[in-house]
Structures are given as structure tokens and as C-alpha cells.
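Written below as C-alpha cells is the structure these notes are about.
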Number of protein chains: 4
Amino acid sequence: MNFASDNTGPAHPRVMEALMRANEGRATSYGADALMEEVRTLVREAFEAPEAAVYLVATGTAANSLILATLAQPWQAIFCSEVAHIHEDECNAPEFYTGGAKLTIVPHEAGMMDPDALARAYEAEESRGVHGPQRGPVSITQVSEKGGVHTLDHLRALTGVARRFGQPVHMDGARFANALVALGCSPAEMTWKAGVDAVSLGGTKNGLLGVEAVVFFDPAHAWQFELRRKRAGHLFSKHRYLSAQMAAYLQDDLWIEMAQAANAAAARLVRGLKQRPDVTLAHDPRANIVFADWPRAAHRRLQEAGATYYIWNGGLEGPDDEALTARLVTDWSMPHADIDRFLDLMSG
Amino acid sequence: MNFASDNTGPAHPRVMEALMRANEGRATSYGADALMEEVRTLVREAFEAPEAAVYLVATGTAANSLILATLAQPWQAIFCSEVAHIHEDECNAPEFYTGGAKLTIVPHEAGMMDPDALARAYEAEESRGVHGPQRGPVSITQVSEKGGVHTLDHLRALTGVARRFGQPVHMDGARFANALVALGCSPAEMTWKAGVDAVSLGGTKNGLLGVEAVVFFDPAHAWQFELRRKRAGHLFSKHRYLSAQMAAYLQDDLWIEMAQAANAAAARLVRGLKQRPDVTLAHDPRANIVFADWPRAAHRRLQEAGATYYIWNGGLEGPDDEALTARLVTDWSMPHADIDRFLDLMSG
Amino acid sequence: MNFASDNTGPAHPRVMEALMRANEGRATSYGADALMEEVRTLVREAFEAPEAAVYLVATGTAANSLILATLAQPWQAIFCSEVAHIHEDECNAPEFYTGGAKLTIVPHEAGMMDPDALARAYEAEESRGVHGPQRGPVSITQVSEKGGVHTLDHLRALTGVARRFGQPVHMDGARFANALVALGCSPAEMTWKAGVDAVSLGGTKNGLLGVEAVVFFDPAHAWQFELRRKRAGHLFSKHRYLSAQMAAYLQDDLWIEMAQAANAAAARLVRGLKQRPDVTLAHDPRANIVFADWPRAAHRRLQEAGATYYIWNGGLEGPDDEALTARLVTDWSMPHADIDRFLDLMSG
Amino acid sequence: MNFASDNTGPAHPRVMEALMRANEGRATSYGADALMEEVRTLVREAFEAPEAAVYLVATGTAANSLILATLAQPWQAIFCSEVAHIHEDECNAPEFYTGGAKLTIVPHEAGMMDPDALARAYEAEESRGVHGPQRGPVSITQVSEKGGVHTLDHLRALTGVARRFGQPVHMDGARFANALVALGCSPAEMTWKAGVDAVSLGGTKNGLLGVEAVVFFDPAHAWQFELRRKRAGHLFSKHRYLSAQMAAYLQDDLWIEMAQAANAAAARLVRGLKQRPDVTLAHDPRANIVFADWPRAAHRRLQEAGATYYIWNGGLEGPDDEALTARLVTDWSMPHADIDRFLDLMSG
């Protein structure tokens, strides 16, 4: 009953097999391995983007920060929500990588920025000539950190605002596949066709050991990105082990299969939670993150029985009937029995 | 016959097995996995340093740059040789991570700085008050990029100079185990007992997929390092896969075993080269890197037969008898048959 | 009738005379001039701080950013209001100088942070271990950018919060003397006795050509600050011309005299505005910045007659009776006749 | 007898008068003052460059670093001599401003790089793909820090190398006017006609209080430079006081007049030194910096009599007849009587 995060689960057996196969013989280092050629083809096909520049790094923070540093100037503002991972959970990595750009906060619902509020935020910046921060890219997290899945219309509304101000769009896709499955659309529809310029395509939270793809739909950024990756220490010498993971991920739609399993587990959980009168869902989750409130007594019971998850607003000490907010995250490997047992335990 | 680098070979089977075992069940993320506890203990035991702060990152550039950023201030000079990896091969990563420290070049032989020259370089910096760069750490590469292995006396002479100027010492140990085997000393003797404050303990070039340990003998640096690692995107969420590699590396002296194999392969190569009148060794190699000159005709013959290695000073076009310098690197997996075939091919 | 800013007026004749006197003969460069010795003494006496480290730079942005870089780590958050000059009007200079610290916005009234809100902001940061930004200094602007003058109680409440979280306090004192005059307190009472660690002591907006003093009450920061100033290009070779200005400023209380004149001019303006039924003052101004609303028709009349000032929320085109917000700033040199003419013109 | 530096002397009376005149009434701030319009015209006329972007800052380090940050990428090498001010005397300011570019040292004579050595240095960088620093701009100091004046041919040879590698050229012209006078050429001939892209046009060392002009011959860099200047705190609010200095400098060729006086003083000194058998000149000085060796006994006599200058390689303690190297710098205000007295004192 570990719902702490989608980064606590194991990698998929097919990924491990791919890693084993990749370990045979010698391979050219630093991204010139044959498997990377395959990855490039697979990503370009998946995104219907034959010109896209494709790179691999090992962490989401690296993917996000290196993309933002490529798209933003140090004197610019990057627009994002207050709960954006880049704002809250990367210890100022975007500021470090961009050389001091500012993250400007835009009002949001369930981690999804309001397009009108984004437009107002853009209007407000760059109204003081050389004195204020200049307008820069917008960063959208899909699935949002609060479990929200932007519709294609929502995405287009946000990217339209950025476009209106001549600014590029980054998508933090740490849970890209989960959103894809939730929307039932294509990777192209959720990215460049909706106005996204570059995406951090997550693999780590969805069944890999630790690989994220960086995709620039305009290859003009390629060489600069390669230099930024190298001087950040994010270019791997034995790169084949990254390539092998990402190739296995995209082959035979393993990534979709795993995201479906994760979303299905969350849906099962949500169905159970909805049947309980003392549970309030923050919003109707469509992907693999669930935020819900229920009384402390039930939290205590669950955690004492070994359930693991984050409580957002308080500890186990306190009145029994006070509502506490839980964040529950599922991944491809989540046993349905765990979910059922969790729901049983809530009933006490 | 691939002598291009020790980063083109496979990981050791025991490492792959450890990775497989680590993939079972769920594990706490971001370095709080149980395996990391084991790694910490193994490193501390290996270095006889029960207080040492121990961290894992995935690349040597990350290890070096993060250590240097922790030890150096942005207004300081870091002393190193002209052929230091941090100077030549990290695309200004140390400058990026330190926020603009300067790398001050010290004369060297076979990549090993001359202690007197180091002292003179220290004297020269900080002689202009606030105007010039201030004195900072020295960075020693052991095994050097030219294949040189510093004796313990040499190390002590260099660290003694740094100490005299109140400055700390970093060791780039990308090939630490190869040096250890060459010197036949203990990890403690080659580091803190010789005056080293922090070491990048390489695993990637010596049979891992991609892990380097960072060891600070004074744990005062620990928290700052953790913050620097996080904001650089070098903290892995599924950290257990790094831990598993490093644990396997240190258990039952696998790291020593692999370094012995690599050094033995180089020694076999050197024995063969020494018997040839047209070959000149740059110096007598004690670890797993060999620099040697021989005529272009033999280079052409070797490369046409499929041998892979770097030629330092010229191409295959040109006079047959002109001497070109080869860099040959061996690793744990190098078949002796390849070496023998290589030597046969040289003879024509 | 130029109320655009207190940086559009001339320097005081006594300052110009001091500059002339300073131009005689040769003087040691880079801050070792005899006049700087005098400045140091004058500042220490004015602040009753015999140990304080005192430096001069030429711009407020330099003073603020260099202090913040000295007090904050790159992975920290600096707490300030949304209208803080460091946030809105320095084109990301604090982010640049600190190497990527984050400015965390705290709710405010008239540019003065609410101490409870500050406490909540501190609570919220550093609640996610290594992942989020770490807590850092608070930056208070006295006089605030909205013309607010913190009482000593208010200052102590804010610094008390910072202290509670173990963090230092910066005061942006671009209009320090105007606040001093408004409060009728001593420099010591408004700074170190109230818990302030370092202050940017403005001179430029109050009758100098371009000099701000940097004062650290704890001299431990001195050498680091000197290095930061130098590598930022803010150490002047012909430093005597900065020293001369600041010495003249503090001698015979010229700074107080000029701030009194500026505040008196604002008070005269406010008295006139208060008598008009169509004018709404944002708050009761105590220093030299006035924010007030009145109908567009009067704005149009004033600006057509040559009055210069900023309109905050709209242009001269639009309905006559719509209220627009003006920012009016006075300095030591403001002729009272200009104020009276301005008030006359409002009446039409 | 103060030959310590050309930054210890006073500003020219005509500059002080201009400053006084500029202090009348109110002026638009942040570089939009009417005097700056005049400066722009004067600089463009002086350089025959009607399109040039022209800015003012207050220190040479600011001018150099901001230009280099505009011309260089963080992953590049900037080529300069070992004695370049940007390398030796700016406490890593270029590394700070560029976000971590590397200064690559090129062999020089009298501070003037050898064009062939520069070509070899360019060849050597960027030979390792993404791994090494990439090629970036060259920075030439005219007059060099060792007093050398590049001929136009020498300049063209150096800029030709940069051009061959597609890289731009910066000129550190802290003593630009002194070089101009020495060569008897036009500002255009010494800059853009010789292949220079941007120049730090010094005023501070040549009779101003503290102003340097930044000139980009290609105005494409203008807006980026303005943002960089602002976020570095080098944009002055009361900018008119910078404008006034630079306008006075260029009007009626005051800058040339002052440089002629400085060079003439140095020439007088050199004539005297040449007549002494115990003096060896480092090279024949053409501008206002003299390097010469003579025995310690004479140094002792001079310094005890109150002469001020730098001794490069040793102190006053030691054998009487050991040769020590003096650096002597003259400016526009140097009394010839001081020079004559200095020469008399040498004779003992």
C-alpha cells in the first residue's frame, strides 16, 4: 500500500531485459551509440516530428532546467503555476540553469494555469522597459502536480497566449504518458499541434530506472542544448544504458501500456473513495494522482496499518474528525489488491 | 580491438545482477533507499573514514563540478594541469558550477603537476589584493589524463602546497581503482592520509553503467553538497539503481578485481610495444592508459584492420614513417586476444 | 512641475563643492583614499556602530544586489513584497548576483509586508527538505515603493520573524533619510537596534550625483563583500569622487536637511490634495512619495500644462471622470511654487 | 612624483565645469537625458560610425565584462594574454558576467598577443566536439597592460585570426586615446576598420572622474546590452553626470589633448632613463606606461624621497645592485618638474 509516489516502484521487466541486452560488447560513448539512433527514430515517429531534436538525460529536473535555459534569457520571466515542480521542488534549479531568470507565478486551478490570468501576467511584465524582467517562456506541467490533465483546448489557450507575446512554450511531461492516456489523443496533438515547443518526456515515473527524453520540435536549438547538457554533467559516457531504456519504453507502446495500468489503478482507487461519504475529492482525477480529504481517524488507521502516502496539511496528532488532505499516486506496478485493502482499511 | 576509452566497454555481470535484484518491490526515493545505507558503510570502511559524507551521482563531470563548487568560491582560482579533464573536457562545467571561478594552469609532466610549480602558481595568485582571483583549491587527477600515477610522495607534496596556502584538495578519481592497484596502497593512504579533502570516486570507467561516488572526508560540507546536487538535477528519484551499482562495486573487492584486469591488459600491451624498435612510449604506464608513438604506416594498417583508438597529433594521410601518438585505454573486459592481435598487426 | 522621480533633480551645491575640492592633487585609488576614511567614520558615528563595515557603490541596484548576494545562498528564497524594487525594477539583478536565489513574494500593504504573512511564507519554504528553496533573508524597503514608512514596531515585527527562522535582514534604504525624518528616530533605531543586518543607504535620490553606502553591522561579511564588489565592476578606481559625495552628505546633517525638504514638499502637496473632494489618497504619506487618484480630466489638464509624473493605471484617452492613480515624488530641490501651481491647475 | 597609476590623478577642469553645468534643473533619468544624445552623436562622429550603439558605464571592469558577456557564450573560450586586465585584475569578473566562460591564454610580447599563437590557440579549442570549451571572442588591450601599442597591422593580424574562426573582437581601450595619439591614426582605423566589433572606450584613466563608453559597431547587440547593464546595476539613474563627463571629453578633442600630455610626460621620462647606463627599458614605450629595470639602491633612494610607483619583482630589502622592475604610469596632469626631479634622484 505504497502510494507515496510513482518514483518508488520498480522498472518494468522489459526495460530490465533491454538493459541486459544493451550490455553486450563495446559501444560508442557520449550519445553516439546505435541504440540512440533508434530512440531518435522512435521519438520522431511517436511525435510525427521527423525534424525534432531528441536527447536523453537522467532526471526530470535536468530535462526541465536545460530546456528552460535554452528557451529563456537570464533577464526574463518564466511563467508557471505556484505548484509547478520547477518552482516548488527543484531547489532553484531553473534559476541556476538559466543564470537567474525569474519564475513568475500565475493563478491556477488544480495546477493548471488560467489562460486569462496568464495573459494578465504577460501584460504586467515588460511594462517597465529595461527595468523589469522581460517576458519569457511559459511552462505547463501535463499532468499537473495536482493531478489535473489539461484538455487540448486548455493547452491551446495557454500556448496561444505565449504565442501572442512572441514567447515559446515548455511542457513538463514528467507524467506525459498518463496525460496521453487520459486524453486519448496523440503525442503530436498534445504537443506541437497544440503549440508546445519543447517537452520533457518523462520515463522515470512511468516504469524506467531513470531516463527522460528532451524533445525540441524546432531543431535550431539542438547544438546549444548539447553544449548546455555537457557542461551541466548530464551527458552520459555510457549513454547506451539510457538509450536502451527509452527504446524499450517506446517499442510496442510499452509506455502507453504502463500509463494505462497506472491510470486504471488510480481510477479503481477513486471509484472506492467516491463511495465513501467522509471522503471529498479535490477534483475528479483523470490520470494517476489523487488528492482527497478524509478524517484524521481514518488516516491514522491507514498509516498504522502500513499505508504510505503524503498528508498535505497536518499530522496524525489532533482531533479524530478533522479532515486531512492525502496525495495518492499510482504507477504501472500497483497491485489492485493493495488498493482494495487500502479502501477496506479506510472503512475501519 | 577497441582501445578508444574505458567508457566503451560493458558493465560487469555482477553489477547487472545487482541491478536486477534492486528492481524488486518499492523503495524510498531520492537517496533514502536501504541500499544507499549499505553504500555509505562500504565506502566508509574502504576509506577508513567513519565520518565521511558519501553521495552518488551519475557522471564524472557532475562529481567533479559539484565538489569544486562546494570547495571553491566564485572569485577564486582552482589550480590544475593543462590536460586536466576539468579544464579540457567538461565544456566549462567547473566554471558553470562554481559561478565563475577560474582554472589556473600549473605546469605538469604526464598530467601530474610539479609541486614547485604549484607553489609558484599559488604565490602568483592573490598578490594583487582584491583585484586578482583569490587562491582556491587544487585539483589532482589520479590516474592523470596522460596515464600518470602520482606516487604517495608526489600527492603529499602537492597537497602540502595547498595546505600551506590554507586551501583544500580535490582528487578527480575517475580511474581511482586503477591508481590504487598500481600503487598497491589503501584508499585512505591515497586520499585523506595524503591530504586529500574530497574525491570523485569513479565507477563508470571501471565496470559500472554510470555511477561515481562523491566522498567528503569532512562531513561539514554535506548539506551544502546535497543542495547543490539537487538544484543541479543530479539527485536521482529512483536512486536505488545507483546504490545497487556502487554496492556491487565495493562488495568483495569487485572494483579492485576489475582495475587489476584493466591494468594487466595495459601491461600486456606495453610489454609487446616495448619489444618493437619503432615504438616510443611517452612514459612507463602503470595503470590502464598508454601513450606511445609509432610510424603512420603501422597506424594505417591497424585502423584499417579495425583497431579503434585515438591518434593525438595527425591523420592517416601523410608520410609513412612519420611518428604519430596513440592513446590506448584498457578496461576490465578487454580480451587478451585482442591485444595480441593488435600487436601482431603492428608488425605487418 | 516634475514629480516623476527623486532621481530627476540636481545634486545639492554643497555636494558639488565637495566634489570640486576632492579633485585636487593625486589620491590613492580603489577605496584607499583619505576621504573614504572620513566616510567610514561618519557612517559609523551616524549609526552608532563603531565596528560596521562601510562601502560605497554608485547605484541602488548594485547596493541591494551585492548585499543580498552576501547574505543569501543561491538555493535560498529571499522574502520581499510584490512591489519591492528588487523584484520589479532591477531586471533580475538579485537573481543574477546571488547565482539564482528565488524571490518569494509576501503580501503587503502600501509596500510594507505583513509580519504574519511573512511568518507563513517562511513556514511554507523549506518544508520539503532538499527539494524546495531553502529559507533565506528578508528584504524590507524603507520608505516602501508605495510610499509607506514602516514604524519601528513594524520593522521589529518583520525582523523578529526572520530572526525566528535564523535568517538575516536587508533594508533597501534608497529613501532611508526620508524615513528617518518621517519617524524622527535615529539611524541606529531604524536599523541594527530594530534587527537589521545590512542596509543600502541611499544618497542618489536625496541630493547626490550617484552614491549609495553599503553598511554591514557585522563586519564578518566585509572581505566577501569587497570581492563581490570588485568582480561586479562596482569598485571605482577614482573612488575619491564617491567618498566626497558621501562625506558631504553626512557632514552637518545635509542628508537630513535634504530629506526634510523633500518630505515637506510632499506634505504641502498632500495638504492641497486633501482639500479636493475628487482626490483620494492611497494612504496618508509620511515621506516623499504620494499615491493619489483623481479624475482623468484633471490629469489631462495637468499634463498638458507640463506637469510630469507617472500615471499608474491608464492613459490620458478615455472618459473624463474615470479615476486614474498618480505617483508623485518630491525631492530636496522641489520649488514650493511648482507645488502650488500644480494644485491650482488641478482645480482647472 | 606619483607614477603609481593613471587613476590617481585629478579630473580635468573642463570636465568639472561640464559636471557643474549638467547639475542645473531636472533631467530625465536612466540614460534618456539630453546630454546622452549629444554623447551618442560625438562618439559616432569620432568613430565615423553613424549606426554604432553607444552606452556609458562607470568602470572599466563593467565595460569589459558587459561587452564580453554580450559577445561570448558561457561555454566558450575568450582568448587573451596572460597579463590582460580581464584575466589578472578583475577578480573573475568576465567569468561572472559571462556565466562561466573560460579565458584561454595566448602567448604575448609586451602584452600583445602573437597572431600565429592566437591561431594555434583557436585551432586547439573546439577540437573535441562538445567536450571542450567552444571558440569565442578575442580580447585585445590597446594600450596593452605592459605599455605596448599594437600597430594597425598587428591589430588586423589578430582580428583576422578571429574572423577566420567566425569570432568577434573586443578591444579593452582603457587607454584608447593614448594609443590613438601614439599611432597618429583615427578611432575608426584603430577599431572597426581594423576588424574590432566592440570597444571599451576609456575615460577614467585619461582625465574623467569615472566614465567609460561602450561602443558596438553593430547595433544588433544594443538591446541585449541594455538589459545586461541594467541587471548588473550599471545603469545610472542620474545618468546626466556620466553624459556630461563623456561629452566634455570628446568636445574640442579634450581626450586627445590629455592623452598627448600623458604620452609626452612618459616620453620625457623615457628620454631621461635612456641616458642612464644602469637602466634597461623593457621595450620602447610609445604611450604612457613605462617598464624599466634599475638597481635596488636607486629604487630605495627614490621611494625614500617620496616617489610612488610599483616595483614588480621584489622589495626594497636586498642587495643594492640587484635590478628591480618598475612600472611608471603618467597622465595628463603630471608636472614635468616631477619627472625631472625623479630623474635627478635616480642619479643620487
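Quick notes on this one:
- Of the numbered criteria (1) more than 30 Å from A:Ala18 (Cβ to Cβ); (2) open to solvent by 40 Å² or more (accessible area, probe 1.4 Å); (3) in contact with a Phe, Trp or Tyr (Cβ under 8 Å, 6 or more places away or on another chain), the one A:Glu257 fails is (1).
- Residue within region C:133-156 that is open to solvent by 10 Å² or more (accessible area, probe 1.4 Å), within 24 Å of B:Arg228 (Cα to Cα) and hydroxyl-bearing (Ser, Thr, Tyr) present: no
- In region D:1-13, the qualifying residues are those that are more than 7 Å from chain C (Cβ to nearest Cβ) and in contact with an Asp or Glu (Cβ under 8 Å, 6 or more places away or on another chain), and the one that is surrounded by the fewest Cβ atoms within 10 Å (Cβ to Cβ) is D:Met1.
- D:Arg271 being assigned to a helix (DSSP H, G or I), more than 14 Å from chain C (Cβ to nearest Cβ) and either touching a residue at least 12 places away in the same chain (Cβ under 8 Å) or open to solvent by 10 Å² or more (accessible area, probe 1.4 Å) (or both): yes
- Within region C:169-203, being open to solvent by 10 Å² or more (accessible area, probe 1.4 Å) and polar (S, T, N, Q) holds for one residue alone: C:Ser186.
- Scanning region C:85-132 for residues that are in a strand (DSSP E or B), open to solvent by 40 Å² or more (accessible area, probe 1.4 Å) and away from chain A (no Cβ under 11 Å) returns C:His108, C:Glu109.
- In region D:113-139, the residues that are among the aromatic types (Phe, Trp, Tyr) reach residues that are modelled with pLDDT of 95 or more with C-beta atoms within less than 6 angstrom, at least six apart or across chains, in these pairs: D:Tyr122/D:Arg135; D:Tyr122/D:Phe165.
- For region A:213-229, the criterion of being under 21 Å from the mean Cα position of the chain (by Cα), closer than 20 Å to A:Arg14 by Cα and at the interface with chain B (Cβ under 7 Å from one of its Cβ atoms) is met by none of the residues.
- Residues in region A:1-44 that are among the polar types (S, T, N, Q) and within 19 Å of A:Arg175 (Cα to Cα): A:Asn2, A:Ser5, A:Asn7, A:Thr8.
- Whichever residue in region C:72-84 is of a type outside the set (Gly, Ala, Ser) and closer than 19 Å to A:Glu126 by Cα and, among such residues, is surrounded by the most Cβ atoms within 10 Å (Cβ to Cβ): C:Val83
- Residues considered: A:Ala247, A:Ala298, A:Ala220, A:Ala266. Of these, the only one that is closer than 26 Å to A:Ser65 by Cβ and either open to solvent by less than 30 Å² (accessible area, probe 1.4 Å) or of a type in the set (Ser, Thr, Tyr) (or both) is A:Ala247.
- Where a residue in region D:145-170 is over 12 Å from D:Met113 (Cα atoms) and its partner, wherever it lies, is at pLDDT below 95 and exposed (fewer than 15 other Cβ atoms within 10 Å of the Cβ), with Cβ under 6 Å and at least six apart: none
- Unique match (being outside any helix (DSSP H, G or I) and either open to solvent by 50 Å² or more (accessible area, probe 1.4 Å) or more than 30 Å from A:Val214 (Cα to Cα) (or both)) among A:Pro277, A:Pro285: A:Pro277
- Exactly one residue among C:His154, C:His150 is assigned to a helix (DSSP H, G or I) and at pLDDT 95 or above, and that residue is C:His154.
- Flag for D:Arg300 being free of Cβ contacts under 8 Å to residues at least 24 places away in the same chain, outside the structural domain of D:Thr204 (by TED's automatic domain parsing) and of a type in the set (Lys, Arg): yes
- Considering (1) part of a loop (DSSP other than H, G, I, E, B); (2) at pLDDT below 95; (3) over 23 Å from the mean Cα position of the chain (by Cα), the lone condition that B:Lys238 does not fulfil carries the number (2).
- Looking across C:Thr308, C:Thr325, one residue alone is within 30 Å of C:Ala58 (Cα to Cα) and hydroxyl-bearing (Ser, Thr, Tyr). It is C:Thr308.
- The number of residues in region A:33-57 being farther than 12 Å from A:Lys238 by Cβ and either open to solvent by 40 Å² or more (accessible area, probe 1.4 Å) or facing chain B (nearest Cβ under 9 Å) (or both) comes to 11.
- Among the residues of region B:173-226, those that are in contact with a helix residue (DSSP H, G or I) (Cβ under 8 Å, 6 or more places away or on another chain), outside any loop (DSSP other than H, G, I, E, B) and within 14 Å of B:Glu51 (Cα to Cα) comprise B:Ala198, B:Val214, B:Val215, B:Phe216, B:His221.
- The residue list D:Gly60, D:Gly25 contains one member that is open to solvent by 10 Å² or more (accessible area, probe 1.4 Å) and either more than 9 Å from every other protein chain (Cβ to nearest Cβ) or out of contact with any His (no Cβ under 9 Å at 6 or more places or on another chain) (or both), which is D:Gly25.
- The set of residues in region B:304-339 being more than 27 Å from the chain's Cα centre (by Cα) and assigned to a helix (DSSP H, G or I) consists of B:Glu304 alone.
- If you go through region C:157-166 and keep only what is surrounded by 15 or more Cβ atoms within 10 Å (Cβ to Cβ) and part of a loop (DSSP other than H, G, I, E, B), you end up with just C:Phe165.
The values are calculated or read from the model by the stated rules, or taken from the named source; none is laboratory data. For clarity, every value in this text was computed on a predicted model and none was experimentally measured. Heads up, the Cβs are rebuilt from the backbone with ideal geometry, glycines too, and the neighbour counts pull from every protein chain shown. Quick note on the areas: whole protein, heavy atoms, side chains included, nothing else; ligands and nucleic acids left out. Shrake-Rupley method; radii C 1.70, N 1.55, O 1.52, S 1.80 Å.
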